[in-house]
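To start, the structure itself, in structure tokens.
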Amino acid sequence: MIFTAAGGSLSYLINGLGVAGLPAYSTGYLNWFQWILLAGCSIPMAVVGAKTAHLLPAKQLKYIFIIVMFYMGLKMTGLFAYLGLPI
């Protein structure tokens with residue numbers, strides 16, 4: 001995954017060089033401010049998620065995962081937008 005991410009990032013950097021109108025703190029199509037915000041939130045929350053996973057019983061984790069996957073499936077099919085639900 002790291003090689004795919006590095007290759008994609010490099011191509012966005014190269015293809016975006018010299019493009020006018022990009023936001024501040026951008027190198028090519030890479031916005032470093034957004035990257036810091038994303039990494040700064042996702043890394044600590046991954047630690048919280050791992051600790052929570054070790055505290056909950058396996059059966060409860062399985063049901064939470066089923067609920068999340070069911071929700072994401074409905075979200076991806078557009079059911080909530082079709083029904084006009086702001087979920």
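The values are calculated or read from the model by the stated rules, or taken from the named source; none is laboratory data. Everything numeric here is computed off the predicted structure, so don't read it as measured data. When we count neighbours, we look across all protein chains shown, and the Cβ atoms used for this are built from the backbone with ideal geometry, even at glycine.
Of note:
- Scanning the stretch 53-69 for residues that are farther than 28 Å from residue 86 by Cα and surrounded by 10 or more Cβ atoms within 10 Å (Cβ to Cβ) yields a count of 2.
- Condition check for residue 75: surrounded by 10 or more Cβ atoms within 10 Å (Cβ to Cβ), of a type in the set (Lys, Arg) and more than 30 Å from residue 24 (Cα to Cα): yes
Let's see how each residue does on (1) surrounded by 10 or more Cβ atoms within 10 Å (Cβ to Cβ); (2) at pLDDT below 95:
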{"site": "2", "(1), (2)": "no, yes"}
{"site": "7", "(1), (2)": "yes, no"}
{"site": "10", "(1), (2)": "yes, no"}
{"site": "18", "(1), (2)": "no, yes"}
{"site": "33", "(1), (2)": "yes, no"}
{"site": "39", "(1), (2)": "yes, yes"}
{"site": "46", "(1), (2)": "yes, no"}
{"site": "71", "(1), (2)": "yes, no"}
